[in-house]
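To start, the structure itself, in structure tokens.
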Amino acid sequence: MKIKRVCVLTFIIMLALSGKGMSYPPAVGILGKAASCMSCHANNGPWTDERQTIIDVLDKDTMKSLGQADGTFLVTVKRGEPKTLLTVIGRTKGDTAEAPYRNAWLYLDASTIGGSSLSKFAPGWDVNLPMSCRIVGDKLEQYEGAALTVLPMTIRPTDVARDAELTLQVMLTQGESVKGKPKEGMLGSYFERKVKMKVTDE
Ligand code: HEC
């Protein structure tokens, strides 16, 4: 039940970020321009240090991280072919703060903000789950003992897909927002990562 409620809420947020928020507060004009979770939520959680925060994107076939030396991620996909990624979010083993209860995230192509498309993902790329939220408690060999969420997302560059740069927006959270007041009640720490998408044709 809880998972369901959280994810329905997150879907509302997707609508909000897409500019189709309708009557959802605050005003529609602001919703359409919301560039990140921080437009509405407070960055007030205890999970502020990057050192104990895990944000990783893996290729599900190889189980290897797509992280680059500069802290970005590089996803290379052959046109027309599906690729499944794992979004891994959490806190390291031995974290000094109490673990988050639920992580929420969104892959966003900034060029889509304020546009009419419902998808905020890179134009021309099919994707099944560009945003989600999940209760902490998943396991992954390379992050043993960590408090994690791990969830797959399958993407596929269509005929019109081009290289793109996405922002992976992440919130580690605990507690629940007060109805209609997303800055109250919930503790959350916000992080961003750059994800470069490359489509190859041979
Ligand atoms: C346009 C404003 C807005 C934006 C942008 C937004 N949120 Fe929210 N968020 C809300 C509101 C409003 C609620 C629900 C509070 C309520 O119950 O009325 C909510 C609820 C949530 C909840 C569930 C809290 C609960 O009570 O169960 C999570 C988790 C969350 N947001 C994460 C995010 C993340 C992650 C992002 C960015 C990717 C984001 N939000 C962007 C407004 C926003």
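The values are calculated or read from the model by the stated rules, or taken from the named source; none is laboratory data. Everything numeric in this text was worked out from a predicted model, so none of it was measured. With ideal geometry, Cβ positions are generated from the backbone for all residues, glycine too; neighbour counts draw on all protein chains shown.
A few notes on this one:
- For region 59-91, taking the residues that are out of contact with any strand residue (DSSP E or B) (no Cβ under 6 Å at 6 or more places or on another chain) and farther than 23 Å from Asn128 by Cβ, the one that is surrounded by the fewest Cβ atoms within 10 Å (Cβ to Cβ) is identified as Ala69.
- Residue count for region 183-198, restricted to those that are within 8 Å of the ligand (Cβ to nearest atom), of a type outside the set (Ser, Thr, Tyr) and touching a His at 6+ places or on another chain (Cβ under 9 Å): 2.
- For region 163-176, the set of residues classified as surrounded by fewer than 18 Cβ atoms within 10 Å (Cβ to Cβ) and in contact (Cβ under 8 Å) with a residue 40 or more places away in the chain consists of Glu165, Thr167, Gly175, listed by residue number.
- If you go through region 183-194 and pick out every residue that is within 15 Å of Thr53 (Cα to Cα) and either at pLDDT below 95 or over 18 Å from the mean Cα position of the chain (by Cα) (or both), you end up with 0.
- Every residue from region 157-182 that is within 9 Å of the ligand (Cβ to nearest atom) and farther than 14 Å from Thr48 by Cα: Gln169, Gly175, Glu176, Ser177, Val178, Lys179, Gly180, Lys181, Pro182
- Being among the β-branched types (Val, Ile, Thr), under 27 Å from Asn44 (Cα atoms) and modelled with pLDDT under 95 holds for only one residue in Thr149, Thr96, Thr87, Thr72, and it is Thr96.
- Just one of the numbered conditions (1) of a type in the set (Phe, Trp, Tyr); (2) at pLDDT 95 or above; (3) within 16 Å of the ligand (Cβ to nearest atom) is not true of Tyr143: (3).
- Boolean, Thr149 is within 13 Å of the ligand (Cβ to nearest atom) and either touching a Gly at 6+ places or on another chain (Cβ under 6 Å) or outside any loop (DSSP other than H, G, I, E, B) (or both): yes
- Restricting attention to region 121-139, the residues being assigned to a strand (DSSP E or B), closer than 22 Å to Arg102 by Cα and of a type in the set (Val, Ile, Thr) number 1.
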